[in-house]
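A short write-up of the structure that comes next.
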Amino acid sequence: MENDPLRQQIAAMKQSLLNEGTVESHFFHMEQHQSSKDPNILEREIGLLYTNSMNITNNIEQQLENHPVDFTAITELVQQLRGMSARLGTKKVMERVLALLACCHERHVQRKLSLPVLKLELETLKARLDSYFQLVRQARPANEAEAGPSQ
């Protein structure tokens, strides 16, 4: 079986993503339940999470420049991030979102340093999962691989 080393690499990467806390097991549970008609849906969801999250974090940065800072508006934006990251099982991103949410509840403008950490975590998540999804696409049977990612 020529894909066996590739499947072993995928399994090792899955374990690494779990051990690092990048994602939760829920993420892989969702992957297992993807439709064979649309095997790239989770990959697209992660792409949307990244794009939407970066837009939201940029909006938060703009909100933090306002005086006085509207923590209610920022909290609403952070809650959007929380929902997206929880739904997809992105553990480290969720931890960073919760830290940012705590800053909002405490009304700590100076603690906006948690925002760049969140952005870095989003970039790391995207890079790690892009590599993972690339391996998964390579391991698909030829008839599924022809469909490719439909983005």
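General observations
- Electrostatic dipole magnitude of the chain [Cβ: Lys, Arg +1; Asp, Glu -1; Cα centre; debye, to 20]: 220
- In summary, the convex hull built on the alpha carbon positions of the chain has an orientation-averaged projected area of 9.3 nm².
- Each stretch of four or more DSSP H residues adds -39500 (n - 2.57); spread over every residue of the chain, this sum gives -25000 deg cm²/dmol at 222 nm.
- Prolate/oblate/rounded call for the range 1-42, Cα gyration tensor, a/c under 1.5 rounded: oblate
- With a Förster radius of 35 Å applied to the beta-carbon distance between residue 45 and residue 70, the computed FRET efficiency rounds to 0.75.
- In the context of the full set of protein chains, the range 21-122 has a per residue accessible area of 53 Å² (1.4 Å probe).
- Sulfur and carbon atoms: percent of accessible area, the chain [1.4 Å]: 51
- Farthest towards the positive end of the charge dipole of the chain, among the residues 88, 101, 127, is the Cα of 101, using unit charges on the Cβ of Lys, Arg, Asp and Glu.
- On Cα atoms only, tilt of 91-106 relative to the major axis of the chain in degrees: 10
- Shape call, the range 37-109: gyration tensor on alpha carbons, a/c limit 1.5: prolate
- Heavy-atom accessible area with a 1.4 Å probe sorts 117, 78, largest first, into 117, 78.
The values are calculated or read from the model by the stated rules, or taken from the named source; none is laboratory data. Model, not experiment: these values are computed from the prediction. Please note: Cβ atoms are built from the backbone with ideal geometry, for glycine as well, and neighbour counts cover all protein chains shown. Please note that ligands, DNA and RNA were not included when accessible areas were found on the heavy atoms of the full protein model with its side chains. Shrake-Rupley method; radii C 1.70, N 1.55, O 1.52, S 1.80 Å.
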